[in-house]
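The values are calculated or read from the model by the stated rules, or taken from the named source; none is laboratory data. Not measured: the values here are computed from a predicted model. Counting neighbours? That spans all protein chains shown, and the Cβs are built from the backbone with ideal geometry, glycine included. Surface accessibility is based on the protein's heavy atoms, side chains included, excluding ligands, DNA and RNA. Shrake-Rupley method; radii C 1.70, N 1.55, O 1.52, S 1.80 Å.
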Amino acid sequence: MNDNRLATAVSPYLRIHADNPVDWREWGPEAFAEARERDVPVLVSIGYATCHWCHVMARESFADPEIGELLRREVVAVKVDREERPDVDASVMAAASAFTQQLGWPLTAFLTPDGHVFFAGTYYPPTPVGEHPSFRQIVAAVLDAWRERRHEVDANASAIATAIRQGAEADRAARAGEGDGGSATGLPTVDSIRAVTDLLAQAEDTIYGGFGGAPKFPSTPLLEFLADVTADGDGDAGALLDRTLHVIARSELTDTDGGVFRYATQRDWSVPHYERMLYDNAGLLAVAGAEQARGIADFLRDTLRRPDGAFVAAQDSESTIDGRRVEGEWYRLPLDERARLDPPPLDDQVLTGWNGLAIRGLAIAGARHGDDEMIALARTSAYALLDAHVRDGHVVVRSSTPRGASSAPPTIEDVGLLAEGLLELALVTGELRYATTARSLVDDGLAGRFDVDPVLASAGTATGEQPQTAMRSGTVALAAAATTLAALTGDDDLRSAAAGLVADRARTGTERPLGHADALGVALALHRPSHEVVVVASDAASPLRAAVRAARRPGTIVACVTPEQAEQWAAAGFELFESRSTLDPAGYVCHDRVCALPARSGPDLVDALAARTA
């Protein structure tokens, strides 16, 4: 009997499990209503399409007909794609931390019909390994507790749910109470932010590079924080950043085609975990040197880019060679031998937030390195997202595939990351449409216009976005976008809102930067006086445009427009551009939107920029 219900799912991860002999359902109120009617637990299994250990557990356990029959009889089984449903993943992950600190995917949890987690773990093998129980043993123990110690199960589940709810309420209260009057109230001091560099230097692996021991991750938010502090004048941070980028570029973590793997399993950056995620590569673009950035952009263009210009989520670690599914073997072959074999499959989900991160990285790298193709790649991704995922200035689709749009609601990750990416692209290209859409998205994000999942809402376990370790947070991106808009429009309430979004995270980050480094960078920018640099030039090759490539730093925005574009921006309410269309070319260095006399040549603009920091 195969009553699996995933064959019509949009998510590629769910569809991978459509042939399992497990009666899988998608997440939703219906599954929990059935569990309540049958008085059985809900098994929630969370993973994603390129997750190696998710594949392993599927082959070992979920493909087993006896396990399928056991689960059909004793539980309601639910599959969740953590990329499609980050809200569900964050909630279950928060609960899982009560049972194990070794968090990751596959995430295996058992919930009451009320949606409260009462047991959770990660990967479970088919047979016991040392003290690690098998999946069958876990299911048996869970069912025994459910039948014989139900009161204890319900009490523990309720306590965990209460802790999650209280944590989410405290986080909301902290955000709401910060940033009064447009000041940096509540933010950690500049000295405490810059002192984080010392913490990172102490954590540096002085033999192999990077931070800590195995496994080694690229940790792009940490690297971007180092870039921010470097631009703020800290040479030690710059040296640490350069060493880390160099070892990543030269290690096995970087493939021969320029793409970067998710992490290395060994301290010396060898034996990568071979899946390649859009967010890792997009994040590195924002800090990488010219050669490294070019390689990453080539990987995005040649491997992850769809014909419409959007980028898919990832490439798998496994490929099929000689009829066998093997991890990493395709990547270990020379490029000419790879070409004769089918490459590892793609996770073909287009995620709004992750594309926003790619748009941002490509725009930043393209501007810094004078690479027009990177900017063109950012443009085509933006066109695809604005066409298919955004309507009337609002994100309406979080995830889509060639099979359609997911019903999963957009999250702050989608709104914040897309808003920030579109603003970066607007500043580089001068195209107003990106900025006006970003302004609408920021309004949505600050107003909290997000649909809360009904199961999480009923259970009281909606956590909101959790701190990020591998990619830039949507909350932080929203704050950064609001800060940029404040400089462009003169609306200082936006700076106040930005401070409220990041203050609590940044204070935590001064002691525990992993997961909060991106908030530290925005906090540093909010402490600095607002500086704006505007280049008005009809000629895309103007020396003035080249002169501002290195002007990016915390508290400073750089915009390049034509005279016609300057008029359009001013008419749309971006007051920074008022009266900026009469001289061509001209470079303006401004403080709180009050600009010095225009520079008319590249050297004059360089001198004006130097005077800004003197």
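If I model region 367-447 as equal point scatterers sitting on the Cα atoms and use the Debye formula, what is log10 I(q)/I(0) at q = 0.21 Å⁻¹? Listed by q, the Debye log ratios stand at -0.95. Computed on protein heavy atoms with a 1.4 Å probe, the accessible areas place HIS17, HIS151 in the order HIS151, HIS17, largest first. Rolling a 1.4 Å probe over the protein heavy atoms leaves THR582 with an accessible area of roughly 110 Å².
Within region 247-384, the proportion of Cα pairs with more than 27 Å between them is 18 percent.
In region 440-490, the inverse of the mean reciprocal separation of distinct Cα atoms equals 12.8 Å; this is its Kirkwood hydrodynamic radius. To the nearest ten degrees, helix 29-38 and the longest principal axis of the Cα atoms of the chain are 20 degrees apart. Reported to the nearest whole Å, the Cα centre-to-centre distance from region 10-66 to region 545-589 is 52. Ordering of 28-35, 335-342 by packing is 28-35, 335-342, highest average first (other Cβ atoms within 10 Å, averaged per residue). The overall shape of region 261-326 is oblate: from the C-alpha gyration tensor, with semi-axes ordered a ≥ b ≥ c, the ratio a/c is 1.5 or greater and a/b is no larger than b/c. Ordering 561-569, 470-478 by mean Cβ neighbour count within 10 Å, with the highest value first, yields 470-478, 561-569. What does the C-alpha gyration tensor say about the overall shape of region 19-81? Classify as rounded when a/c is under 1.5, otherwise prolate if a/b is larger than b/c, or oblate. Taking the square roots of the gyration eigenvalues as a ≥ b ≥ c, region 19-81 is oblate.
Once you list every other residue whose beta carbon is under 12 Å from the beta carbon of ARG325, what net charge do they have if Lys and Arg are +1 and Asp and Glu are -1? Don't jump to the answer; show the numbers that get you there.
Working: positive: ARG59, ARG324; negative: ASP316, GLU318, ASP322, GLU327, GLU329, ASP342.
After counting each charged neighbour, the total is -4.
Considering only alpha-carbon pairs that sit under 8 angstrom and 6 or more positions apart, the relative contact order computed for region 25-81 is 59 percent.
Rank ASP242, ASP444, ASP308, ASP191 by accessible area, highest first, at a 1.4 Å probe radius?
Final ranking, largest accessible area leading: ASP191, ASP242, ASP308, ASP444.
With pairing defined as another cysteine C-beta under 4.7 Å, the cysteines of the chain that fail it are CYS560.
Calculated on the alpha-carbon coordinates, the convex hull of the chain measures out at 148 cubic angstrom per residue.
Comparing Cα centroids, region 125-141 and region 209-236 end up 39 angstrom apart.
Whenever you get a sec, compute what percent of the accessible area on the chain sits on carbon and sulfur atoms (1.4 Å probe). Write out the running numbers ahead of the final one.
Working: 11830 of 23560 Å².
Here it works out to 50 percent.
Note on ILE16: accessible area approximately 80 square angstrom, rounded to 10, probe 1.4 Å, nucleic acids and ligands left out.
Separation of region 438-460 and region 328-379, taken as the distance between their Cα centroids, equals 30 angstrom. In terms of the mean number of neighbouring beta-carbon atoms within 10 Å, the peptides 499-511, 54-66 order highest first as 499-511, 54-66.
Each listed q (0.14, 0.15, 0.18, 0.24 Å⁻¹) maps to a log10 I(q)/I(0) for region 130-249, found by the Debye formula over equal Cα scatterers with no solvent: -0.85, -0.87, -0.95, -1.26. Stokes-Einstein diffusion of region 394-500 at 25 °C, 0.890 mPa s viscosity, Kirkwood radius from Cα pairs, rounded to a whole number: 167 µm²/s.
With an 8 Å Cα cut-off and a minimum separation of 6 or more residues, compute the relative contact order for region 540-614 in percent.
Numbers: 70 pairs, mean separation 22.7, N = 75.
Answer for region 540-614 is 30 percent.
Between beta-carbons, use under 11 Å as the cut-off and find the net charge around HIS369, counting Lys and Arg +1, Asp and Glu -1. That sum, taken over residues with Cβ under 11 Å, equals -1.
If you sort the three axes of the alpha carbon gyration tensor as a ≥ b ≥ c, you get a/c under 1.5 for region 45-144, which makes it rounded.
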